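Shown next, in structure tokens, is the structure this report addresses.
All of the numbers you see were taken from the coordinates with simple rules; none came from a lab. If you're wondering where the values come from, they're calculated on a predicted model, not measured in any experiment. Cβ sites come from the backbone with ideal geometry, for glycine too, and all protein chains shown count toward neighbours.
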Amino acid sequence: MDIAWEDHGWERLAEGVGRCRLPGWDATCGLIAGRDGALLYDTGSTLAEGAALRAGAEALLGGRRVTHIALSHPHFDHVMGTAAFPGAEVFGAVGMDTLLRRDREELRADAVRFGVPEEEAARSAESLVAPGHTVTGERMLDLGGRRVLLANVGPGHTGHDLAVLVPGEPEVVFCGDLVEESGEPQAGPDAVGARWPAALDRLLALGGEDAAYVPGHGAVVGAAFVRAQRTALAERFAVS
């Protein structure tokens, strides 16, 4: 379908595929449009941000709704807006469903620590939606004339990293925070550094040399950037 991405402040990546860079932490949200459905990759840092994403996505889709959501990993700036998309099927890496149900308070506290107003953080955490579908290896979704591959490529940045491959010209790989362009990759207490380089190997195997790789934060990069970041992470965590 013909989508005027730039007219709505989004960046076109390929036919029917785009993304926006959210204010604050420069987090990516991706949108993949098919004939019968549309998938959103990540939902923002608050319920209000999710509602703005929903409005933007529906404008891009000519009034159609987002039918599927894929959550890249369980950090507040990527998952707290999911409740703004009622009825959407939500996917995450295996174990992420349990973690989000268990760690609402930790996510709320992280959001406040990074500057989200307390009332909005509390409201977003209270309405947090855990994935109803978990991905162990790979799962193909058919959006109608467009197939997308969900791939559990972690652990790495967290224990629950989900990437999305969109076949096409070019192929597009949504990487989540396994790849970051606007700063050095962030490794918090839930990072699995010893296995992060292998997760990037899996991303490169998915997309190949000519794909567009979309980081969780920052500008779209190529395979050479991902390989360089893989080398830097291997040195950082003393793995081969």
_Fraction of beta bridges assigned by DSSP in region 139-240 that are antiparallel (%, nearest 5)_ = 70
*Alpha carbon convex hull of the chain, volume per residue in cubic angstrom*: 107
_Relative packing of 125-136, 88-99, 38-49, 18-29, which averages over residues the other C-beta atoms within 10 Å, highest first_ = 38-49, 88-99, 18-29, 125-136
*Hey, how much of the P(r) for region 90-203 falls beyond 20 Å, as a percent of Cα pairs?*
50
_Could you work out how much longer the chain between GLU184 and HIS133 gets when fully extended? Use 0.36 nm per residue separation minus the Cα distance between them, nm to one decimal._
15.3 nm
_Could you check the spin-label model distance between ARG21 and ALA228? Points 7 Å from the Cα along Cα→Cβ, value in nm._
1.6
*With each label point set 7 Å from Cα along the Cα-Cβ vector, what nm distance links ALA4 and ARG65?*
2.5
*So what does the Cα-only Debye profile of region 11-98 read at q = 0.11, 0.13, 0.24 Å⁻¹, as log10 I(q)/I(0), no solvent term?*
-0.26, -0.36, -1.26
*Calculate how many DSSP beta bridges within the chain are antiparallel, expressed in % of all such bridges and rounded to the nearest 5.*
65
*What do the square roots of 5 times the Cα gyration tensor eigenvalues come to for region 156-236, in whole Å, largest first, as semi-axes of the equivalent ellipsoid?*
20, 12, 12
*What whole number of Å gives the distance from the Cα centroid of region 99-159 to the Cα centroid of region 191-240?*
21
